[in-house]
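Let me begin by presenting the structure, written as structure tokens, before commenting on it.
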Amino acid sequence: MIRIEDNFEDVLGKAMSGLGMSVAELAGRAGVEASRIDALLRGEIHDEALLGVAPPLGLSPQKLLDMAHRRWAPDAQLPEHAFLFNTPFPVPGYEEMTVNSYLIRSGTSAAAIDTGANADALLDTIARSGLRLEALFITHTHRDHIAALDAIRSAHPDATVHSPAGEPLPGSVALRPGAGLACGELGIEARGTRGHSPGALSYIVTGGGAPLAFVGDALFCLSMGKAPQEAYARALERNRRELLSLPDNTILCPGHGPLTTVGDEKARNPFF
């Protein structure tokens with residue numbers, strides 16, 4: 001089981017950062033002592049304080065409280081034609097960080113989504129399953145999501161690399177929101193979900209049962225990727241419009257943390 005990427009204090013910090021709100025300002029708006037907010041940001045649970053700070057941060061009070069007390073855990077599973085690879089990518093201060101990459105297949109055709117920190121397991125799955133890697137789709141170009149790009153290119157030089165037009169990679173095909181592609185009988189639609197990064201795309205895959213949405217760092221289980229203040233409101237709006245508008249049974253495949261579903265995030269994510 002991949003751990004949930006963010007704790008409740010991370011959600012608070014991301015909302016404060018996105019709104020440009022200091023502890024002192026939040027204390028004044030919420031009627032909660034600044035020292036208590038500092039304690040919340042250290043991960044100390046205080047129900048009354050959480051219920052107080054949520055509204056001025058635009059967060060759902062009850063969802064935030066449920067998250068803090070860990071009252072729910074995701075149980076979404078990928079269908080047989082999709083694979084998840086979770087690889088460590090430690091950074092200073094977050095040594096336990098991991099990153100996800102994915103593979104989808106239709107017949108002998110395969111496509112990868114992001115590279116992860118290490119592509120060995122992904123490449124081994126392709127080889128053992130007798131697949132032909134036709135394409136690699138990049139959600140955004142932060143280092144942890146393209147760290148193994150050279151390894152995949154070296155092993156499968158004929159695979160077409162697709163990257164967001166707003167974050168183009170050398171030697172790749174630039175994609176814009178609305179682009180439609182395919183992997184065998186699976187349809188792939190690119191949707192614009194920039195905010196965490198300036199040109200990020202999510203890829204919606206249909207044709208094999210429940211839809212799959214490979215969302216990079218746009219959305220996490222119970223959270224979302226950190227967006228700078230100037231992009232925060234737009235990131236929230238795009239997540240609502242482009243991702244949470246999908247059918248409730250859509251499986252959300254984030255760049256970090258466990259799988260979840262649109263229905264669960266609508267019901268449980270404090271940002272929404």
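Suppose the filter is surrounded by fewer than 17 Cβ atoms within 10 Å (Cβ to Cβ), closer than 21 Å to PHE272 by Cβ and not assigned by TED's automatic domain parsing to the domain that holds LEU131; does GLN62 pass it? Taking the combined requirement at face value, the residue satisfies it.
Residues in region 222-255 that are touching a residue at least 12 places away in the same chain (Cβ under 8 Å), of a type outside the set (Gly, Ala, Ser) and more than 25 Å from PRO61 (Cβ to Cβ): PRO228, GLU242, LEU246, PRO247, ASN249, THR250, ILE251, CYS253. Quick check on region 175-189. Is at least one of its residues in the same structural domain as LYS226 (by TED's automatic domain parsing), within 27 Å of PRO90 (Cβ to Cβ), touching a residue at least 60 places away in the same chain (Cβ under 8 Å) and not β-branched (Val, Ile, Thr)? No, the conditions are met nowhere in region 175-189. Being among the aliphatic types (A, V, I, L, M) and closer than 19 Å to GLU189 by Cβ is a property that holds for ALA112. Looking at region 68-154, none of the strands (runs of 3 or more DSSP E) lying wholly inside it contains 3 or more residues that are among the acidic types (Asp, Glu) and modelled with pLDDT under 95. For region 241-257, a residue qualifies if it is farther than 14 Å from THR98 by Cα and not in a strand (DSSP E or B), and the qualifying residues are ARG241, GLU242, LEU243, LEU244, SER245, LEU246, PRO247, ASP248, ASN249, THR250.
If I ask for residues that are part of a loop (DSSP other than H, G, I, E, B) and buried (at least 21 other Cβ atoms within 10 Å of the Cβ), which ones from region 220-230 would you list?
CYS221, LEU222, MET224, GLY225, ALA227
Among residues of region 51-65 that are at positive phi, those with a Cβ under 8 angstrom from a residue that is of a type in the set (A, V, I, L, M, F, W, C) and surrounded by fewer than 18 Cβ atoms within 10 Å (Cβ to Cβ), sequence gap 6+ or separate chain, pair up as GLY58/LEU19.
Looking only at residues in region 193-241 that are over 15 Å from the mean Cα position of the chain (by Cα) and β-branched (Val, Ile, Thr), the one that is farthest from ALA179 (Cα to Cα) is THR206.
Residue check: ARG70 meets all listed conditions (1) within 21 Å of the chain's Cα centre (by Cα); (2) more than 24 Å from GLY195 (Cα to Cα); (3) touching a residue at least 24 places away in the same chain (Cβ under 8 Å) but one, namely (3).
The number of residues in region 21-54 being farther than 23 Å from GLU5 by Cβ and within 24 Å of the chain's Cα centre (by Cα) comes to 0.
The values are calculated or read from the model by the stated rules, or taken from the named source; none is laboratory data. Since we're looking at a predicted model, the values are computed, not measured. We place every Cβ from the backbone using ideal geometry, glycine too, and count neighbours over all the protein chains shown.
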